[in-house]
Amino acid sequence: MEDRQSAYSLNTMADNYYLHQDEDSLRQVIESVAGLIRYFARLYGGGCAEDDLFQSGNLGMLKALKSYDPGKGASFVTYASHSIMGEIRHLVRKQASYNRPGCIIEIQSRVDKMVEDYTKIHGDVPTVAYIAQSLNIKEESVSEVMKAGMVSFDEIDVTKIHSSAYETFHLPIEDKLTLYQAMKKLSEVQKKVIHMLFYRDMTQQQVAEKMGMTQKQVSRVKERSVQIMRVDMLDENSTKTSTQQKQPTGSQQSVG
């Protein structure tokens with residue numbers, strides 16, 4: 001992968017720059033860091049303009065050049081990656097204006113930590129395949145997940161977001177997203193009741209006291225909400241199954 005391969009030469013170019021401190025060695029660093037900036041721009045960029053992402057990445061690189069201390073042990077790639085990633089993430093999250101499901105926020109946070117830890121340990125950036133495998137999601141899921149918050153959730157192709165394998169006691173990401181989509185059909189009162197009952201493990205009486213309702217009213221709201229969500233989720237699963245059945249199998253596909 002070209003972007004990752006450039007990380008190896010960046011350390012050499014940085015060493016040369018700190019040795020000579022001239023314009024030519026600075027130009028070589030700037031050329032070598034371009035691949036690293038593209039990597040983080042693709043990973044975190046979402047709907048941001050490519051020029052803005054690249055400019056932020058270059059700003060991060062220049063900050064790294066000014067503050068990096070070769071005598072402290074960390075490689076320049078590790079140090080610069082942290083700075084570039086920070087500037088790009090700052091730009092992206094400043095421009096993010098759309099809601100993200102909690103399960104998506106969780107995965108994005110895990111991607112952040114994984115990239116930071118991997119770079120610190122290996123002095124390089126992880127491949128998308130490595131990220132996907134570590135998170136138990138498909139490779140195509142990574143880019144869709146990282147777009148959340150930058151574009152309306154309706155613009156994200158949720159059919160591309162799914163787990164690689166079922167994990168016992170863990171709801172797969174695709175089921176969490178189906179649940180999230182179903183909850184969008186509920187009223188604000190219904191959402192609050194469902195959230196308190198099923199996410200905060202409150203009793204119906206506790207919810208009633210919190211909402212200023214009777215326990216019977218909470219029970220009715222819960223039953224109605226579950227009914228709405230069940231119908232929506234069944235429709236969603238039916239649509240997915242129909243789509244999968246329409247896709248040609250390997251034996252049916254033409255070979256040209």
Report task. Please give the number of the condition Gln217 fails out of (1) free of Cβ contacts under 8 Å to residues at least 12 places away in the same chain; (2) not in a helix (DSSP H, G or I). Result -> (2)
Query raised in the report: How many residues does the range 51-76 hold that are at pLDDT below 90 and under 16 Å from Phe40 (Cα atoms)?
Result: 1
Requested in this report: Find the residue count for the range 63-84, including only residues that are free of Cβ contacts under 8 Å to residues at least 24 places away in the same chain and basic (Lys, Arg).
Outcome: 2
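Which residues, taken from the range 45-62, are touching a residue at least 24 places away in the same chain (Cβ under 8 Å), assigned to a helix (DSSP H, G or I) and of a type outside the set (Ser, Thr, Tyr)?
Pass one, the range 45-62, residues touching a residue at least 24 places away in the same chain (Cβ under 8 Å): 45-48, 52-53, 56-61.
Remaining after also requiring assigned to a helix (DSSP H, G or I): 52-53, 56-61.
Residues satisfying the conditions are Asp52, Leu53, Gly57, Asn58, Leu59, Gly60, Met61.
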Requested in this report: Please tell me if Gly149 is of a type outside the set (Asp, Glu), at pLDDT below 90 and under 14 Å from the mean Cα position of the chain (by Cα).
Outcome: yes
Query - Options Ile88, Ile107; residue that is over 17 Å from Ile37 (Cβ atoms), in a helix (DSSP H, G or I), of a type outside the set (S, T, N, Q) and touching a residue at least 40 places away in the same chain (Cβ under 8 Å) - result: Ile107
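Within the range 111-129, how many residues are part of a helix (DSSP H, G or I) and surrounded by 14 or more Cβ atoms within 10 Å (Cβ to Cβ)?
Kept after step one, since they are part of a helix (DSSP H, G or I), are these residues of the range 111-129: 111-122, 128-129.
Cutting the leftovers down to surrounded by 14 or more Cβ atoms within 10 Å (Cβ to Cβ) gives us 111-112, 114-116, 118-120, 128.
So the answer is 9.
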Requested in this report: Could you list all residues from the range 21-40 that are without any contact (Cβ under 8 Å) to a residue 24 or more places away in the chain and either closer than 19 Å to Val128 by Cα or part of a loop (DSSP other than H, G, I, E, B) (or both)?
Outcome: Gln21, Asp22
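Considering the range 63-81 alone, what residues qualify as being in a helix (DSSP H, G or I) and crowded, with 17+ Cβ neighbours inside 10 Å? Explain how you work it out, then say what you get.
Step one: of the range 63-81, the residues in a helix (DSSP H, G or I) are 63-67, 70-72, 76-81.
Once the filter is applied, which keeps residues that are in a helix (DSSP H, G or I) and crowded, with 17+ Cβ neighbours inside 10 Å, the range 63-81 yields Ala64, Leu65, Phe76, Val77, Thr78, Tyr79, Ala80, Ser81.
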Query raised in the report: How many residues does the range 214-232 contain that are buried (at least 17 other Cβ atoms within 10 Å of the Cβ) and modelled with pLDDT of 90 or more?
Result: 2
Report task. Output the residue which, of all residues in the range 153-206 that are surrounded by 14 or more Cβ atoms within 10 Å (Cβ to Cβ) and of a type in the set (Asp, Glu), is modelled with the highest pLDDT. Result -> Glu174
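The values are calculated or read from the model by the stated rules, or taken from the named source; none is laboratory data. Because the structure is a prediction, the values reported are computed rather than measured. All Cβ positions, even for glycine, are placed from backbone atoms using ideal geometry, and neighbour counts span all protein chains on display.
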